[in-house]
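Participant: The following block contains the structure, expressed as structure tokens.
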Amino acid sequence: MTTNNSVGVPDNHFFGDVCKFFDHAATFTKHDAGLLDQIKSCNSVYRFRFPIRKGNGFEVIDAWRVEHSHHQSPTKGGIRYSEMVNEDEVMALAALMTYKCAIVNVPFGGAKGGIKINPKNYTVGELENITRRYTVELIKKNFIGPSIDVPAPDYGSGEREMSWIADTYATMNPGQLDAMGAVTGKPIALQGIAGRREATGRGVAIAIRECVSVGEDMQKIGLTAGISGKRVIVQGLGNVGYHSAKFLTEFGAIVVGLCEYEGAIYNADGLDVESVFQHRKATGSILGYAGAKREFIDSMEGLEQPCDILVPAALENQITSANIGKIQAKIIAEGANGPTTPEAEAAFYQKGGLIIPDMYANAGGVTVSYFEWLKNLSHVAFGRMNRRFEENSNLNLVNMVEGITGVALNSVQRSTIVKGASELELVNSGLEDTMIRSYHEIRETFMNTEKIDTLRTAAFVGAINKIAVSYQNLGVWP
Ligand code: NAD
């Protein structure tokens, strides 16, 4: 886990780890060293402090916004609300956003924000003040806008915070038609998009399903092909972890372990994710759940239990040289950003494992954020213009085929064929298509590049090549 000292000076190496991965992948490309340096560097780092009223006094809040790369505009990335957040972490997360967007062909540069608070220590009113003031600070320095930099939720933030940002931005930019495109992850009532809330977790589940569907790759790591019956442990029961666990269960996997910061639970026969979630909501802890066969006060022990797939979906630096030897999973699917250190990854591959890297695995969130941004700029919900037209066309076709063949469809068959797509169906289909295509793009690079070692290296190689082309197209590099 990251830590920093009282003056906010970073004392960890998350950005360094991302650069290590980058430098290694760069050796599999043929780009000019200067261009590689430009791609790797953080273009703009804005660190600021602002006061808020707390109780009878004031408190000064530390905050950041980092725009890692402007090879595409706007830049894009979530805002982390955490007392552990620091400049190094925000830089690393912004860099990962750049590579992530390139991997899933989302035309944004990478960015990230951080507010150094534990949201649990503030009232809703105080959180609103902090979020609105943070937004004003970004506006003052031109660090937010639908064509400049577009924030989204991350660890510790969600739809509520995004709605405060949208409202503040729109208030400060009266008459700006595209103001709602200045932030994504908004509630649907405030021009958000259906499917955004669960998009990252759904994307993680699709990534895993796609990976385990390739029999040849599974054979190499000693697993059978197919998601059905695969045993999964998930760390973090927040937005990404909960939805990953939910969709993996829907796809036929068995969630055998769940880990939160207060402890972990395990049942080899499977845990009911929804009822664990409700239990935690009611009692404030994952522990004490009646359906668990084993409990661990030390949450990290939960990661080391028998399973096929481990999904870290909490924070970075969870799987390190210290615990990699005890991890029993054959696949680590990174729901969180940066959960595995470079040393742990090397050790995991050495013992025959496979890692589905964060910059691909959790890209479902930014993919659907891109759809939301498109919706905001076009000022029309997906499906609104064509749904009825499609239904009428399909109905005409069904009537005609029934007339010609004399075979009448039953009502379920008829409505399945006739139905036009809703916004949610279009979003989910766009997300699924993106995750499947991107996986095979990465895998192809992995299979076709001599001496390449990991899927992460392959993902980086693909991202670096795409970003290099953008710089060349911008005319800033020969
Ligand atoms: P969240 O705040 O909704 O949930 C995080 C959960 O992790 C919380 O329930 C928290 O209690 C738990 N947690 C914290 N420390 C833990 C520990 N040591 N052990 C076990 N559990 C712990 O955050 P989120 O949005 O789900 O984000 C989780 C990760 O996914 C982050 O790395 C984030 O950057 C990444 N991510 C999020 C999104 C998104 O759309 N929200 C998109 C891409 C990547």
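The values are calculated or read from the model by the stated rules, or taken from the named source; none is laboratory data. Just so it is clear, the structure is predicted and the values come from calculations on it, not from any experiment. Methodologically, a virtual Cβ is constructed for each residue, glycine included, from the backbone with ideal geometry; neighbour enumeration extends over all protein chains shown. Heavy atoms of the whole protein, side chains included, go into the accessibility calculation; ligands, DNA and RNA do not. Shrake-Rupley method; radii C 1.70, N 1.55, O 1.52, S 1.80 Å.
Participant: If the requirement is being touching a residue at least 24 places away in the same chain (Cβ under 8 Å) and either in the same structural domain as ASP149 (by TED's automatic domain parsing) or surrounded by fewer than 17 Cβ atoms within 10 Å (Cβ to Cβ) (or both), which of these qualifies: THR445, THR367?
Facilitator: When all the criteria are applied, what remains is THR367.
Participant: Next question. Would you confirm whether or not segment 30-50 contains a residue that is at pLDDT 95 or above, touching a strand residue (DSSP E or B) at 6+ places or on another chain (Cβ under 6 Å), within 16 Å of the ligand (Cβ to nearest atom) and not in a strand (DSSP E or B)?
Facilitator: Taking every residue of segment 30-50 in turn, none turns out to be at pLDDT 95 or above, touching a strand residue (DSSP E or B) at 6+ places or on another chain (Cβ under 6 Å), within 16 Å of the ligand (Cβ to nearest atom) and not in a strand (DSSP E or B).
Participant: In this structure, does GLY236 turn out to be closer than 24 Å to ALA152 by Cα and outside the structural domain of TYR134 (by TED's automatic domain parsing)?
Facilitator: On the way: closer than 24 Å to ALA152 by Cα: yes; outside the structural domain of TYR134 (by TED's automatic domain parsing): yes.
Against the criterion (closer than 24 Å to ALA152 by Cα and outside the structural domain of TYR134 (by TED's automatic domain parsing)), GLY236 qualifies.
Participant: Something else about it: Return yes or no: is PRO119 touching a strand residue (DSSP E or B) at 6+ places or on another chain (Cβ under 8 Å), open to solvent by 30 Å² or more (accessible area, probe 1.4 Å) and closer than 24 Å to GLY338 by Cβ?
Facilitator: Working: touching a strand residue (DSSP E or B) at 6+ places or on another chain (Cβ under 8 Å): yes; open to solvent by 30 Å² or more (accessible area, probe 1.4 Å): yes; closer than 24 Å to GLY338 by Cβ: yes.
In short, yes.
Participant: Still on this structure: Quick one: how many residues across segment 337-353 are in contact with a Phe, Trp or Tyr (Cβ under 8 Å, 6 or more places away or on another chain) and either assigned to a loop (DSSP other than H, G, I, E, B) or open to solvent by 10 Å² or more (accessible area, probe 1.4 Å) (or both)?
Facilitator: Result for segment 337-353: 2.
Participant: If you scan segment 130-189, which residues turn out to be in a helix (DSSP H, G or I), crowded, with 24+ Cβ neighbours inside 10 Å and within 16 Å of the ligand (Cβ to nearest atom)?
Facilitator: Result: GLU161, MET162, ILE165.
Participant: Scan segment 218-227 and give yes if some residue there is of a type in the set (D, E, K, R), assigned by TED's automatic domain parsing to the domain that holds ASN362 and assigned to a helix (DSSP H, G or I), otherwise no.
Facilitator: Within segment 218-227 (the criterion being of a type in the set (D, E, K, R), assigned by TED's automatic domain parsing to the domain that holds ASN362 and assigned to a helix (DSSP H, G or I)), the answer is yes, since at least one residue qualifies.
Participant: Give me the residue from segment 43-72 that is basic (Lys, Arg) and in contact (Cβ under 8 Å) with a residue 60 or more places away in the chain and, out of that set, most open to solvent (accessible area, probe 1.4 Å).
Facilitator: The initial filter retains those residues of segment 43-72 that are basic (Lys, Arg), namely 47, 49, 53-54, 65.
Okay, now just the ones that are also in contact (Cβ under 8 Å) with a residue 60 or more places away in the chain, so 53-54, 65.
Details: ARG53: 159, LYS54: 63, ARG65: 0 Å².
So, considering only residues that are basic (Lys, Arg) and in contact (Cβ under 8 Å) with a residue 60 or more places away in the chain, the one most open to solvent (accessible area, probe 1.4 Å) is ARG53.
Participant: Taking the conditions exactly as written (at positive phi, modelled with pLDDT of 95 or more and under 17 Å from the mean Cα position of the chain (by Cα)), does ASN105 satisfy them or not?
Facilitator: Considered against the rule, which asks whether it is at positive phi, modelled with pLDDT of 95 or more and under 17 Å from the mean Cα position of the chain (by Cα), ASN105 comes out as yes.
Participant: Still on this structure: On the basis of being at pLDDT 95 or above and either open to solvent by less than 30 Å² (accessible area, probe 1.4 Å) or out of contact with any strand residue (DSSP E or B) (no Cβ under 7 Å at 6 or more places or on another chain) (or both), does GLY430 make the cut? Lay out the reasoning, then the answer.
Facilitator: Details: at pLDDT 95 or above: yes; either open to solvent by less than 30 Å² (accessible area, probe 1.4 Å) or out of contact with any strand residue (DSSP E or B) (no Cβ under 7 Å at 6 or more places or on another chain) (or both): yes.
In short, yes.
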